[in-house]
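Comments concern the structure below.
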Amino acid sequence: MKEEKNDDYLKQVFVTQTKGFIDISLKRELWQDVSNEFNGKFIISHTSGNVLEILKINIPYKNWEIKLSESDTRPLKFEITFNSGIDYELIINYEDIVENIMKRFGRKEVELGNELFDNKYIIRSRNSEITKKLLTQEIINDFIKFNIYSLSYTTGLKKRTSNLISVISRTIEDKSTIESLIRLHMKIIDKLKELALIE
């Protein structure tokens, strides 16, 4: 299990271009501008001992809140929590060598019929029909355009909640890209609502 965690960390470092330590304080003004644009709440926090800085934006969208975060050592991440009693799960991540081998040995995955997307990403979901409806062409195009590292949607039936988390990268330094990523997550929320997956 420990080896698997190390594997995941190394993969994330390479794919999301983590680059070790990056001084996130240089992005404060950018994040403040983005927050203002979407009527969000901009927060600067630090780890104990003020060693690392963390930037956060909480953006209200309809009945939900889109949370963005990035730190000196962690890539840009989006997180959204919903009320939901529907058992639906989805995991999308880069297709690496291990995944490719597993696919050849019969590991089930959802394919969308978009060669560029299907060759780049692995999609795991027990409900391929809903997944294909959720991942519209517009969402697929944005996924490829912004080189999103991973997205997961999980449901906790006991608490009747679901959680969407996506990890982007550490290389985003312009306002228009962050704003486009926020709008992408708004599209995903709208589609989840349209498919009655969230309340």
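Below, the figures for the structure above:
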read-out: Region 119-171 - charge dipole about Cα centre, Lys and Arg +1 at Cβ, Asp and Glu -1, debye rounded to 20; value: 280
read-out: Percent carbon-and-sulfur accessible area, region 34-180, ignoring ligands, DNA and RNA, probe 1.4 Å; value: 48
read-out: Rounded to whole Hz, the Karplus (6.51, -1.76, 1.60) HN-Hα couplings of region 144-149, x for glycine and proline; value: 5, 4, 9, 6, 5, 6
read-out: Hz values of 3J(HN,Hα) by residue in region 121-138 - Karplus curve (6.51, -1.76, 1.60), Gly and Pro given as x; value: 10, 9, 10, 10, 6, 7, 10, 5, 5, 5, 4, 5, 6, 5, 8, 5, 4, 5
read-out: Of K77/K159; K56/K175; K67/K191, pairs whose Cα-Cα distance is over 20 Å; value: K77/K159
read-out: Net lengthening on full extension, R183/E79 (0.36 nm per residue, minus Cα-Cα); value: 36.1 nm
read-out: Note, ³J(HN,Hα) from phi for region 68-77, Karplus 6.51, -1.76, 1.60, rounded to Hz, x at Gly and Pro; value: 10, 8, 7, 10, 4, 10, 10, x, 4, 10
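The values are calculated or read from the model by the stated rules, or taken from the named source; none is laboratory data. Fair warning: this is a prediction, and the values are worked out from it, not measured in the lab. Cβ coordinates were reconstructed from backbone atoms using ideal geometry, including for glycine residues, and neighbour counts include every protein chain displayed. Protein only, heavy atoms only, side chains kept; ligands, DNA and RNA dropped before computing areas. Shrake-Rupley method; radii C 1.70, N 1.55, O 1.52, S 1.80 Å.
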